[in-house]
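First comes the structure, then the notes that go with it.
The values are calculated or read from the model by the stated rules, or taken from the named source; none is laboratory data. Computed from a prediction, not measured in an experiment: that's the story for all the values here. Glycine also receives a Cβ, built like all others from the backbone with ideal geometry; neighbour counts cover every protein chain displayed. Side chains are part of the model used for accessible areas, which takes the heavy atoms of the whole protein and leaves out ligands, DNA and RNA. Shrake-Rupley method; radii C 1.70, N 1.55, O 1.52, S 1.80 Å.
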Amino acid sequence: MTSFDLSFAKQDHFALFGLPRSFAVDRAELDRLYRDVQARVHPDKHAHMGDADRRIAMQWATQVNEAYQTLQNPLRRGRYLLELAGHDPRIETNTAMPAEFLMEQMEWREAVAEARAGGDADTLGELHQRLGKETRAQYEALAQAIDGAHDWTRAADIVRQLMFQEKLLTEIDEALEAVEA
Amino acid sequence: MALLQITEPGQTTAPHEHRLAVGIDLGTTNSLVATVRSGMAVVLNDEHGRALLPSVVRYEGDGTVEVGYEAQAGQSIDPKNTIVSVKRFMGRGLKDIAHIESLPYEFVEGEGMVRLRTVQGVKSPVEVSADILRAMRVRAEGALGGQLTGAVITVPAYFDDAQRQATKDAARLAGFNVLRLLNEPTAAAIAYGLDNGAEGIYAVYDLGGGTFDISILRLSKGVFQVLSTGGDSALGGDDFDHRIFCWVIEQAKLKPVSPQDGRLLLTRAREAKEYLTTHAVAPISVRLGSGEYVDLTITTEIFTEITRTLVQKTLAPTRKALRDANLRPEDVKGVVMVGGATRMPQVQQAVAAFFGQEPLNNLDPDKVVALGAATQANLLAGNRAAGDDWLLLDVIPLSLGMETMGGLVEKVIPRNSTIPIARAQEFTTFKDGQTAMAIQVVQGERELVSDCRSLARFELRGIPPMVAGAARIRVTFQVDADGLLSVTAREQTTGHEARIEVKPSYGLSDDEIAAMLKDSFSHATEDAFRRALREAQVEAQRLLEAVQSALREDAALLSTLERAHVDTLVARLQAVMIGDDRRAIDDAMAALNKGTAEFAARRMNASVQKALSGKKVEELEK
């Protein structure tokens, strides 16, 4: 198969939007860039063109969506920055966590399970808010570790913890959904 | 900001003539076709001035196929051969169909998707839908006086891959060039947004004849971004009819009714439902074929009471869609009502109570989807007027995943991801020396494979024997802008590849469609050969226009040598397209497509670089 000049699309997600490689992202600017680029590459803009244009449009639009989704989500952005810096957070294999953090997680989980079993939407809502606040603090620490201290080991630790916390937030959402249904 | 400009004749930017494109709302109860004329989306009526075409097809013993109002009469006299609400059977197996016992058809369990036995033989829902679409095409070509460049066909946002694929197959079978499958609520938002220049968060509540959809969108600066979508692909106005039907049976203490009587009662139930929209009580009186006489009166209160659970059933997906978008009801600036079933007062009240505001009803809920589809079709066909520039970013409604060990689902693409999207996941072998791997593709939100819909199953063979866990099999899911999935599997260490379009096991293959098309043309008055040739010529013309406009804009991206090569390919296509050798036209088109691929890639790069240089898109559009 002939290879086309897709080098521009194959750049890293930050470069694709012409943004600096940092954890801090100007969300409004990112949204604007996403819309402007997608407005040019989206398959709908090339539907009346030939096959070649349409195929390239789909590759581009796919890549732009992926880049945007990665950058607009702080956890995915953090993981992606670790990857780019060559610091694989070894999510799958490295499960070593501070005992204190793991204990906390277990307590959270018990509280959620109990509220869910009791159909207690108010408690679930409150748990969601408290955990939301904790994760926001974690993201601030992550921003400091990456952009400020360039401490990749610490950043990887925070990312691993955040993965637990975000998963728990999703579980609370699901519990709320189940209780309200 | 005015997104839609009504252009004066000759004011459009494109030098070529207006291309004929239509939007089709292929509904459960009714279908419509619309187009953009002089910058305005309009529904095309039949010769009697009627906009709606009842989605009813009757197959008669003499080989006649009646569609629409003519077929409706057959509902009570020939229910078995008169197919109504066929949309409910698209991409569905027997076990998926609600109230199957009260339907008068003879179902045949086809491969995955049901078939219906009629006097004209066994028909798949795809073929029945194609008959409806063919009637729409005849209407459109008659009204517009020419061959269509293409069509946008709408589908419920909550349709899964199997249902979308079935819809696209039906459109192709009816001879349409499908420009895009468009989600119905998104189509409504387009019609609504463009008419009103809306900005902010909007909810589209779409209760059709057989499906319920809820979509949450952000409208901003000409971009329609779908944030989340949800629904129930087996809940609609028909269910409200059915509740009245059951109520009548119970009140009149009727014994099990014949298919004819059942159809008659359902028709009366539907009439009562519609009457209750503007009246407090509705009479239901009917003489059945069994001799029994039904004479009842249903009030708004009774109707509201017996359908309360149905209305509630629409609010659960609504809550979920809001949560998926991280929004609360009060964040929503307006609620657009779509679908004839939203005329029911109890639905209006429930939606108003949920969102804390009166829903928007200023566009005809029956027409709004078709109008939006026509607007999108016009844009996709390349009839873009100056200033009329907007973009639609839609999502996939249900998560896509694969079966892993123990019948569990590994999600690969989560629901509400913006399309097009591609995701890859790595898997490995679990036995020493394993050389093949079965890949089961599923769609749905549940954790167990058995609770999700199975879309396809294929095998990657020829994996070199290795110890368990050593092989690295990368499975890539690609969902295109129509929301349709294709899957590739590749063993990473050897590069061994298997690729499939995810055609549900009961989907039609391209060969089957080609055979059916040929078959349908042999009955048609028009010569199949002439039509195929004309289609190829229309497509060749389209390609030439596209290449020529690209050359006008970006000739600087090609070297003299490259330019000469493209010119040669253009000249060759121009030479063969005036002849009648369809094969030669196809070959010349393929060569031109291939020969301009690199040019297309460079143009895209250049275009993106312009976007990043900070200039607004509008400033660059000539």
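Observations on the structure shown:
- Top-ranked residue of region A:5-18 - restricted to ones that are more than 9 Å from chain B (Cβ to nearest Cβ) and open to solvent by 40 Å² or more (accessible area, probe 1.4 Å), ranked as modelled with the highest pLDDT: A:Gln11
- Annotation note: of B:Val409, B:Val395, B:Val368, the sole residue that is β-branched (Val, Ile, Thr) and either in contact with a Cys (Cβ under 8 Å, 6 or more places away or on another chain) or open to solvent by 20 Å² or more (accessible area, probe 1.4 Å) (or both) is B:Val409.
- B:Asp451 vs. criteria touching a residue at least 40 places away in the same chain (Cβ under 8 Å) and among the charged types (D, E, K, R): no
- Members of region B:595-607 found to be facing chain A (nearest Cβ under 7 Å) and more than 30 Å from the chain's Cα centre (by Cα), listed by number: B:Thr596, B:Glu598, B:Arg602, B:Asn605, B:Ser607
- Scanning region A:58-75 for residues that are closer than 15 Å to B:Val608 by Cα, more than 7 Å from every other protein chain (Cβ to nearest Cβ) and not polar (S, T, N, Q) yields a total of 3.
- Failed criterion for B:Val351 (all others in (1) within 23 Å of the chain's Cα centre (by Cα); (2) within 19 Å of B:Ala321 (Cβ to Cβ) hold): (1)
- Candidates A:Asp36, A:Asp31, A:Asp44, A:Asp88, filtered to the one that is open to solvent by 70 Å² or more (accessible area, probe 1.4 Å) and modelled with pLDDT under 95: A:Asp88
- Odd one out for B:Arg180, checked against (1) closer than 17 Å to A:Ala39 by Cβ; (2) within 14 Å of chain A (Cβ to nearest Cβ); (3) over 17 Å from the mean Cα position of the chain (by Cα): (3)
- Of the residues in region A:31-50, at least one is more than 8 Å from chain B (Cβ to nearest Cβ), under 30 Å from B:Leu182 (Cα atoms) and touching a helix residue (DSSP H, G or I) at 6+ places or on another chain (Cβ under 6 Å).
- B:Gln537 in a helix (DSSP H, G or I) and at pLDDT below 90: yes
- Every condition in (1) crowded, with 19+ Cβ neighbours inside 10 Å; (2) touching a Ser or Thr at 6+ places or on another chain (Cβ under 9 Å) is met by B:Leu265 except one, and the failing one is (2).
- For beta carbons closer than 6 Å, sequence separation of 6+ or different chains, a first residue in region B:413-424 that is in contact (Cβ under 8 Å) with a residue 60 or more places away in the chain and part of a loop (DSSP other than H, G, I, E, B) and a second that is hydroxyl-bearing (Ser, Thr, Tyr) and open to solvent by less than 10 Å² (accessible area, probe 1.4 Å), the qualifying pairs are B:Arg415/B:Ser399; B:Asn416/B:Ser228.
- Members of region B:55-97 found to be farther than 21 Å from B:Val257 by Cβ and of a type in the set (Val, Ile, Thr), listed by number: B:Val57, B:Thr64, B:Val65, B:Val67, B:Val86
- Qualifying residue in region B:161-181 (condition: open to solvent by less than 10 Å² (accessible area, probe 1.4 Å), modelled with pLDDT of 90 or more and either part of a strand (DSSP E or B) or within 16 Å of B:Val338 (Cβ to Cβ) (or both)): yes
- Scope region B:49-72; condition in contact (Cβ under 8 Å) with a residue 12 or more places away in the chain, not in a strand (DSSP E or B) and not polar (S, T, N, Q); matching residues: B:Arg50, B:Ala51, B:Leu52, B:Glu60, B:Gly61, B:Gly63, B:Gly68, B:Tyr69, B:Glu70, B:Ala71
- Options B:Gly334, B:Gly291, B:Gly222, B:Gly236; residue that is within 14 Å of chain A (Cβ to nearest Cβ) and either farther than 26 Å from B:Asn183 by Cβ or open to solvent by less than 40 Å² (accessible area, probe 1.4 Å) (or both): B:Gly222
- Hey, B:Val67 at pLDDT 95 or above, buried (at least 22 other Cβ atoms within 10 Å of the Cβ) and within 11 Å of B:Thr118 (Cβ to Cβ) or not: no
- Among strands (runs of 3 or more DSSP E) entirely within region B:435-516, having at least 3 residues that are open to solvent by 30 Å² or more (accessible area, probe 1.4 Å) and at pLDDT below 85 singles out B:453-460, B:496-501.
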